[in-house]
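Engineer: So that we are looking at the same thing, I have put the structure below in structure tokens.
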Amino acid sequence: MKIAVCPGSFDPVTNGHMDIIRRASKMFDKVIVVVLTNFAKKANFTVEKRVELLEKAVQCFDNVEVDHFNGLLADYAKIRDAKFIIKGLRAVSDFEYEFQMAMTNSKLNPELETVFLTSNSDYMYLSSSIVRQVAQLGGDIHGFVPECIREEIIKKYSQGGIKSDS
Ligand code: PNS
């Protein structure tokens with residue numbers, strides 16, 4: 001069974017993430033979307049909330065599950081018997097960092113292959129931080145996030161929920 005892990009902070013999940021998850025679900029028998037800690041970022045949504053939003057967003061996929069892990073991605077992949085990491089690349093500027101991560105993960109777990117999927121041109125501009133900024137300032141996030149979680153994101157920011165950067 002070909003198992004892939006799709007890691008990220010998903011703070012919150014966007015339609016750009018969903019496009020990558022959807023395409024990965026066609027390529028692998030099972031895709032595990034895992035919420036991990038990015039030490040360079042301060043999270044807005046709790047891990048539990050990010051998992052909850054992702055679970056709603058992926059419920060239409062039979063072979064996609066959601067999880068969270070507090071540790072190294074390379075270790076998580078080993079525990080789940082996954083041999084592939086799926087990452088989306090939006091622009092050349094993403095590449096250097098992603099390349100470094102791919103090499104680190106492969107050193108830590110030599111069985112792992114990182115598979116890069118190029119972003120759909122519809123979502124190249126989109127990021128979780130863009131969604132947070134637009135939502136915080138009362139803008140329309142229709143088309144930026146899955147419809148089934150849009151209200152929940154708006155609700156969070158209407159309650160003054162933003163606190164950080166990227
Ligand atoms: O969505 P993001 O923030 O770009 O995702 C980055 C993430 C969470 C996948 C990355 O920071 C990560 O893998 N964190 C877990 C810790 C780890 O394994 N780091 C890589 C080795 S330094």
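Engineer: Just the residues that are open to solvent by 60 Å² or more (accessible area, probe 1.4 Å), over 13 Å from the mean Cα position of the chain (by Cα) and either within 8 Å of the ligand (Cβ to nearest atom) or β-branched (Val, Ile, Thr) (or both), please, taken from segment 30-72.
Structural biologist: Phe39, Ala40, Lys41, Thr46, Leu72
Engineer: Could you look through segment 42-93, keep only residues that are hydroxyl-bearing (Ser, Thr, Tyr) and closer than 24 Å to Phe116 by Cβ, and pick out the one that is modelled with the highest pLDDT?
Structural biologist: Per the stated criteria, the residue is Tyr76.
Engineer: Got a number for residues in segment 73-106 being more than 9 Å from the ligand (Cβ to nearest atom), exposed (fewer than 15 other Cβ atoms within 10 Å of the Cβ) and either touching a residue at least 24 places away in the same chain (Cβ under 8 Å) or of a type in the set (A, V, I, L, M) (or both)?
Structural biologist: Total satisfying the criteria: 5.
Engineer: Among the residues in segment 92-115, are any under 17 Å from Pro146 (Cα atoms) and more than 16 Å from the chain's Cα centre (by Cα)?
Structural biologist: no
Engineer: Consider Ser127 against the criteria (1) open to solvent by less than 30 Å² (accessible area, probe 1.4 Å); (2) at pLDDT below 95; (3) under 16 Å from Asp11 (Cβ atoms): it satisfies all of them except one. Which criterion is unmet?
Structural biologist: That leaves (2) as the condition not met.
Engineer: Tally up the residues in segment 9-23 that are within 14 Å of the ligand (Cβ to nearest atom) and open to solvent by less than 20 Å² (accessible area, probe 1.4 Å), please.
Structural biologist: Keep residues of segment 9-23 that are within 14 Å of the ligand (Cβ to nearest atom), which gives 9-14, 16-18, 20-21.
Right, trim to open to solvent by less than 20 Å² (accessible area, probe 1.4 Å) and you get 10-14, 16, 20-21.
Total meeting the criteria: 8.
Engineer: Taking the condition open to solvent by 50 Å² or more (accessible area, probe 1.4 Å), in a loop (DSSP other than H, G, I, E, B) and either touching a residue at least 60 places away in the same chain (Cβ under 8 Å) or more than 14 Å from the ligand (Cβ to nearest atom) (or both), does Gln133 pass?
Structural biologist: Numbers: open to solvent by 50 Å² or more (accessible area, probe 1.4 Å): yes; in a loop (DSSP other than H, G, I, E, B): no; either touching a residue at least 60 places away in the same chain (Cβ under 8 Å) or more than 14 Å from the ligand (Cβ to nearest atom) (or both): yes.
Criteria not met by Gln133.
The values are calculated or read from the model by the stated rules, or taken from the named source; none is laboratory data. Only a predicted model underlies this, so the values are computations on that prediction, with no experimental measurement involved. Using ideal geometry, Cβ is built from the backbone for each residue, glycine included, and neighbour counts are taken over all protein chains shown. Just the protein is used for accessible areas: all its heavy atoms, side chains included, with ligands, DNA and RNA removed. Shrake-Rupley method; radii C 1.70, N 1.55, O 1.52, S 1.80 Å.
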